[in-house]
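One structure is given below, encoded as structure tokens.
The values are calculated or read from the model by the stated rules, or taken from the named source; none is laboratory data. Since the model is a prediction, treat every value here as computed from it, not as a measurement. With ideal geometry, Cβ positions are generated from the backbone for all residues, glycine too; neighbour counts draw on all protein chains shown. For the accessible areas, the whole protein counts, side chains as well, though only heavy atoms, and no ligand, DNA or RNA atoms are used. Shrake-Rupley method; radii C 1.70, N 1.55, O 1.52, S 1.80 Å.
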Amino acid sequence: MDITPYFLTGIIIGSIYGLTTLGLSLIFGVLRVANVAHGAFIMIGAYIAYTAFVALAIPPFASSLLAFAIGIAAGYLVYAGVIKRLGKAELNILVALFALGALLAEVARLIWGPDFVGYRWTIGSVEVAGLQIELTKLIGAILALMITIALELVLRWTYFGRAVRAVVQDPVGAMVVGVNVDRVFAFSSALGIGITTLGGVFLTLFIPVGINPYMGGPYTLMGFVIAVMGGLGSVAGTYVAGLLFGVFESVGFYLFSLAGFAEPSQMALFLAFVMLLLILLLRPTGLFRI
Amino acid sequence: MALRVSNLASGYGRLQVLFGVSFEAPSGSVVSILGPNGAGKTTTLLTVMGVVKPWDGVVELEGVDVTWLPPHRKVELGISLVPEGRRLFPEMTVEENLLMGAYTKRARDKIHDSLELVYTLFPRLKERRKQKAGTMSGGEQQMLAVARALMARPKVLLIDEPSAGLAPKVVADLFQTISQLKKEMSVLLVEQNVAAALEISDYSYVLENGRIILKGPASELVENEHVKKAYLGV
């Protein structure tokens with residue numbers, strides 16, 4: 001019984017899970033808003049990758065830049081049009097974002113139809129520890145790590161990044177030292193949804209036939225599990241939690257199918273939730289702090 | 001006049017807290033606003049700062065009307081607040097907190113001078129510069145809160161209840177330092193610890209139920225019958 005290949009597979013998909021959750025975590029940490037439309041922006045990113053590849057022959061690593069730009073614009077509009085307008089009415093924001101997610105799914109259905117679609121892009125593979133890993137997936141996972149590191153560096157070493165962390169730790173404190181909190185909110189919403197859409201592009205490398213208007217829901221749920229595990233607002237914590245989730249999913253699937261469970265993937269998901277409960281019980285602030 | 005506030009009214013939602021509060025804080029002096037819990041002292045500072053939106057009245061900084069500016073613009077122009085409860089960034093180090101204090105453009109240019117200045121004023125902070133702010137004692141946190149506000153190079157420094165939760169000896173040291181600050185700026189102090197505040201104030205106002213009911217040089221207010229009975233317990 002060798003779980004190494006399952007572990008590696010889990011790390012690689014986990015890197016993507018970490019990336020796709022950074023935006024959710026950032027938006028919650030800074031704006032204290034649970035973005036329940038999160039999965040819908042992953043879906044938008046996935047369709048951008050699909051359309052760019054199938055209709056225009058643009059590979060996903062190039063179309064991810066386009067998705068990032070579109071996500072930034074969308075994130076700014078979400079802030080200016082929904083979150084800021086509804087202000088302190090937290091429940092209203094939640095309902096509005098839920099509606100926005102449903103609306104985006106329906107718009108996607110009008111444009112791309114209700115069927116599952118996808119594409120396959122191969123540029124070769126490498127062998128690691130006896131496991132054939134597709135290069136596209138490996139590069140995707142490495143880029144996801146690099147984007148995470150870049151975000152962490154921006155938050156840690158630039159004036160504006162430090163201001164973002166200040167708002168996470170104490171918004172009133174940030175206000176009285178001269179931080180334009182409104183601008184930090186707009187920036188975080190734009191960047192957060194930009195990264196989410198970009199992550200949606202990367203995700204398509206792993207789901208060759210899994211793009212669908214309603215694919216967002218499970219990713220929203222998974223995103224919250226990962227973000228809470230990592231510590232809401234913490235970049236490094238979110239990424240590590242993404243890796244853990246990927247490993248649990250992959251290794252859990254293997255072990256549960258060995259043990260003869262009928263629904264091993266459901267059991268692996270169950271295991272991930274058990275882990276979430278344990279982390280919340282033992283370390284309620286999540287793995288890391290911002 | 002460094003800070004002049006006229007007929008300031010404000011509150012939260014439909015609840016009015018301030019009913020036309022007026023006071024002045026000239027540079028080179030410590031002015032205090034004293035009063036019981038719930039009188040509107042904190043609200044006064046938050047409204048001057050713009051964290052709470054004014055309903056009416058005028059706030060002037062060196063003769064310029066700044067009533068409606070948002071907090072970050074006021075910091076840029078020279079008003080700094082040491083807020084109630086300190087509002088530090090608990091997961092940042094002492095030094096990171098101080099650097100955040102110099103966030104505005106005007107302050108950023110003088111950041112090295114400012115750091116040296118606050119470390120001279122509070123040598124303890126220099127010893128602790130790599131420590132996370134959230135792990136320090138209450139007195140050290142209050143020092144850091146004052147130091148962080150100084151990093152913005154204010155012309156008017158608003159300090160909200162610095163003595164809260166601190167031991168008498170620590171309060172005495174802190175007030176000693178605060179009284180030195182007036183050489184460089186105007187200090188507006190809000191306090192429930194009336195005896196300690198009157199000792200370092202040049203001029204004081206007594207705020208009750210959202211209105212100024214008494215004002216005068218601190219040396220005179222110490223002798224006032226109402227102040228003696230209600231606040232000094234003599």
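Points to keep in mind about this one:
- Criterion: among the hydrophobic types (A, V, I, L, M, F, W, C), surrounded by fewer than 17 Cβ atoms within 10 Å (Cβ to Cβ) and assigned to a helix (DSSP H, G or I) - qualifying residue of A:256, A:248, A:273: A:273
- Being aliphatic (A, V, I, L, M), touching a Ser or Thr at 6+ places or on another chain (Cβ under 6 Å), surrounded by 22 or more Cβ atoms within 10 Å (Cβ to Cβ) and in contact (Cβ under 8 Å) with a residue 60 or more places away in the chain is a description that does not apply to residue B:39.
- Checking each residue in the stretch B:32-61 for being over 30 Å from residue B:222 (Cβ atoms), of a type outside the set (A, V, I, L, M, F, W, C) and more than 10 Å from chain A (Cβ to nearest Cβ) picks out B:53, B:54, B:56.
- Candidates A:113, A:192, A:173 - the one that is modelled with pLDDT of 95 or more and within 19 Å of residue A:242 (Cα to Cα): A:192
- Positions within the stretch B:193-222 being part of a helix (DSSP H, G or I) and of a type in the set (D, E, K, R), in sequence order: B:199, B:220
- Identity of the residue in the stretch A:52-85, in contact (Cβ under 8 Å) with a residue 60 or more places away in the chain and β-branched (Val, Ile, Thr), that ends up surrounded by the most Cβ atoms within 10 Å (Cβ to Cβ): A:78
- Residue match in the stretch B:129-140 (condition: closer than 27 Å to residue B:66 by Cβ and in a helix (DSSP H, G or I)): no
- Residue among B:167, B:152 that alone is open to solvent by less than 10 Å² (accessible area, probe 1.4 Å) and farther than 24 Å from residue B:40 by Cα: B:152
- For the residues B:152, B:107, the requirement of being within 12 Å of chain A (Cβ to nearest Cβ), in a loop (DSSP other than H, G, I, E, B) and of a type in the set (A, V, I, L, M) singles out B:152.
- Some residue of the stretch B:86-96 being buried (at least 19 other Cβ atoms within 10 Å of the Cβ) and away from chain A (no Cβ under 12 Å): yes
- Failed item, numbered, when residue B:126 is tested on (1) outside any helix (DSSP H, G or I); (2) of a type in the set (Lys, Arg); (3) more than 9 Å from chain A (Cβ to nearest Cβ): (1)
Conditions tested, residue by residue: (1) surrounded by fewer than 19 Cβ atoms within 10 Å (Cβ to Cβ); (2) in contact with a Ser or Thr (Cβ under 9 Å, 6 or more places away or on another chain); (3) under 22 Å from residue B:61 (Cβ atoms); (4) modelled with pLDDT under 95.
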| residue | (1), (2), (3), (4) |
| --- | --- |
| B:156 | no, yes, yes, no |
| B:163 | no, no, no, yes |
| B:173 | yes, no, no, yes |
| B:184 | yes, yes, yes, yes |
| B:196 | no, yes, no, yes |
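- Helices (runs of 4 or more DSSP H) fully within the stretch A:87-183 counting 3 or more residues that are open to solvent by less than 60 Å² (accessible area, probe 1.4 Å) and within 14 Å of another protein chain (Cβ to nearest Cβ): A:159-169, A:171-176
Yes/no matrix, rows are residues, columns are (1) of a type in the set (A, V, I, L, M); (2) open to solvent by 30 Å² or more (accessible area, probe 1.4 Å); (3) at pLDDT 95 or above; (4) out of contact with any helix residue (DSSP H, G or I) (no Cβ under 7 Å at 6 or more places or on another chain):
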site	(1), (2), (3), (4)
A:4	no, yes, no, yes
A:15	no, no, yes, no
A:18	no, no, yes, no
A:22	yes, no, yes, no
A:39	no, no, yes, no
A:43	yes, no, yes, no
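- Selection status of residue B:139, under 13 Å from the mean Cα position of the chain (by Cα) and modelled with pLDDT under 95: no
- Residue in the stretch A:192-212 that is surrounded by 24 or more Cβ atoms within 10 Å (Cβ to Cβ), of a type outside the set (Gly, Ala, Ser), touching a His at 6+ places or on another chain (Cβ under 7 Å) and within 14 Å of chain B (Cβ to nearest Cβ) present: no
- Applying a threshold of 6 Å to beta carbon distances and a minimum spacing of six or more residues, or different chains, the list of pairs starting in the stretch B:191-204 at a residue that is closer than 17 Å to residue B:226 by Cα and ending at one that is open to solvent by 20 Å² or more (accessible area, probe 1.4 Å) reads B:194/B:231; B:195/B:232; B:198/B:222; B:203/B:217.
- Some residue of the stretch B:133-143 being within 11 Å of chain A (Cβ to nearest Cβ) and in contact with a strand residue (DSSP E or B) (Cβ under 9 Å, 6 or more places away or on another chain): yes
- When residue A:236 is tested against (1) open to solvent by 20 Å² or more (accessible area, probe 1.4 Å); (2) under 17 Å from the mean Cα position of the chain (by Cα); (3) touching a residue at least 60 places away in the same chain (Cβ under 8 Å); (4) more than 14 Å from chain B (Cβ to nearest Cβ), exactly one condition is not met: (4).
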